[in-house]
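Here the structure is laid out as structure tokens; the discussion comes afterwards.
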Amino acid sequence: APAVEVRGLHVSLDGVPILTGVDLTVAAGEWVTVIGPNGAGKSTLLRAVGGLLPTSGAISLFGTPSVALRRRERARVVATVAQSPAVPAGMSVFDYVLLGRTPYIPPLGRESAADLTAVHEVLDRLDLAGFARRELATLSGGERQRVFLARALAQGATLLLLDEPTSALDIGHQQEVLELVDQLRHAHGLTVLATMHDLTVAGEYADRLVLVAEGRAVATGAPREVLTEELLATHYRARVRVVDGTH
Ligand code: ADP
Ligand code: MG
Ligand code: MG
């Protein structure tokens, strides 16, 4: 079964239709990046796939209807990194990554030795062992982004949802974080569904791009098939013209 299968997805926020019939398939092991103009609904699509929004239409994760997954089950399948995750004041890097183990820790229980080992392994893997006792809030943007990924990995999920994972980073750190995601994907057989603002970077790292505009997935394919002048002119500039009202 595909990692993600979305059929006829509708999402309204505060009574306003944002997504109006999105279809999307992500194969297991694939990296798909959602692009589209500002406000097109990229983040909304990711949140819907992550089970964070009420929706209509069908979403399946690895062949299981999303509605059939209970919270903990879902958390073992899919990990979301929000665009700017909240950074709890005073929390160490280690404790933050340990939060990723929540779906494995019994309610009102303590983490096990296996949970602690999993956190140490992930910190080692992401070159963060030296930061374990540091307060997360004191890390640089690129270091924090690695910690957010570490938490998602500690969750043991096979599907990573990354909303604008590099939007807060300079170009050098963007490449570094995306290379890391790509390595992790291959090493752990992960599936990646991301959103990205920067079209050049988006095209470099994805197997396929999905262009979301006017509430739908209007184009899907290899980066060179989606990053065409015609598609971008239609779906990006059209929006700018509406906004400045000069047409
Ligand atoms: P993108 O990630 O593509 O920039 P979003 O998914 O964040 O777009 O937002 C899509 C649209 O939904 C935008 O017009 C945004 O203003 C609107 N929106 C987002 N959150 C809410 C909300 N809680 N209530 C109403 N509208 C919202
Ligand atoms: Mg936005
Ligand atoms: Mg967004």
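A short reminder: the numbers here are calculations on the coordinates, not readings from a lab. The structure presented is a predicted model; accordingly, all values stated were derived computationally and were not measured. Quick reminder, even Gly has a Cβ in these numbers, built from the backbone with ideal geometry, and neighbours come from all protein chains shown.
Subtracting the Cα-Cα distance of Gln183 and Leu232 from their residue separation scaled by 0.36 nm leaves 14.7 nm.
Farthest toward the positive end of the dipole of the chain, out of Ile105, Gly215, Met196, is the Cα of Ile105, where the dipole comes from beta carbon charges about the Cα centre.
Using 1/(1 + (r/R0)^6) with R0 = 25 angstrom and r between the beta carbons of Leu53 and Thr102, what's the FRET efficiency to the nearest 0.05? Could the numbers behind the result be given before it?
Values: r = 20 Å, r/R0 = 0.82.
With a Förster radius of 25 Å, E is 0.75.
Provide the net charge surrounding Gly221, with neighbours chosen by a C-beta distance below 14 Å and charges set as Lys +1, Arg +1, Asp -1, Glu -1. Write down the numbers at each step before the final one.
Details: positive: Arg208, Arg224; negative: Asp23, Glu30, Asp207, Glu225, Glu230.
Computed value for this residue: -3.
Structural descriptor for the stretch 19-108: relative contact order 19 percent, calculated from alpha carbon pairs under 8 angstrom and at least 6 residues apart.
Relative to the dominant Cα principal axis of the chain, helix 113-125 is inclined by about 60°. Helix 171-188 and the long axis of the chain differ in direction by around 70°, with both axes built from C-alpha atoms.
Taking Glu229, Glu164, Glu143 as the candidate residues, the one with maximal mean-square fluctuation in a Gaussian network model of the chain, Cα springs under 10 Å, is Glu229. For the chain, the dipole from Cβ point charges (+1 on Lys and Arg, -1 on Asp and Glu) about the Cα centre works out to 780 debye, to the nearest 20. What is the diffusion coefficient of the stretch 82-141 in µm²/s, taking the Kirkwood radius over Cα pairs and the Stokes-Einstein relation at 25 °C with a viscosity of 0.890 mPa s? Here the translational diffusion coefficient equals 199 µm²/s. To test your reading of the geometry: what angle, between 0 and 90 degrees and rounded to tens, separates the Cα axis of helix 141-154 from the longest principal axis of the chain? Taking the Cα atoms of the chain, the angle to 141-154 is about 70 degrees.
Suppose we look only past 14 Å in the calculated P(r) of the stretch 70-115. What percent of the Cα-Cα pairs does that tail hold? Of the Cα pairs, 59 percent sit more than 14 Å apart. Entry for the stretch 1-76 at q = 0.28 Å⁻¹: log10 I(q)/I(0) = -1.48, Debye formula applied to identical alpha-carbon scatterers, no solvent contribution. Helix-only arithmetic for the chain: the sum of -39500 (n - 2.57) across DSSP H runs with n ≥ 4, divided by the residue total, places the mean residue ellipticity at 222 nm at -10000 deg cm²/dmol. So what's the net charge close to Gly130: Lys and Arg +1, Asp and Glu -1, counting the other residues with Cβ under 11 Å from its Cβ? Counting the neighbours of Gly130, the net charge comes to -1. The Cβ shell under 12 Å around Glu179 holds other residues with a net charge of -1, Lys and Arg each +1, Asp and Glu each -1.
I want to verify the translational diffusion coefficient of the chain in µm²/s; compute it with Stokes-Einstein, Rh as the Kirkwood radius over Cα pairs, at 25 °C and 0.890 mPa s.
Details: Rh = 18.8 Å.
Value of D from the Cα-based Kirkwood radius: 131 µm²/s.
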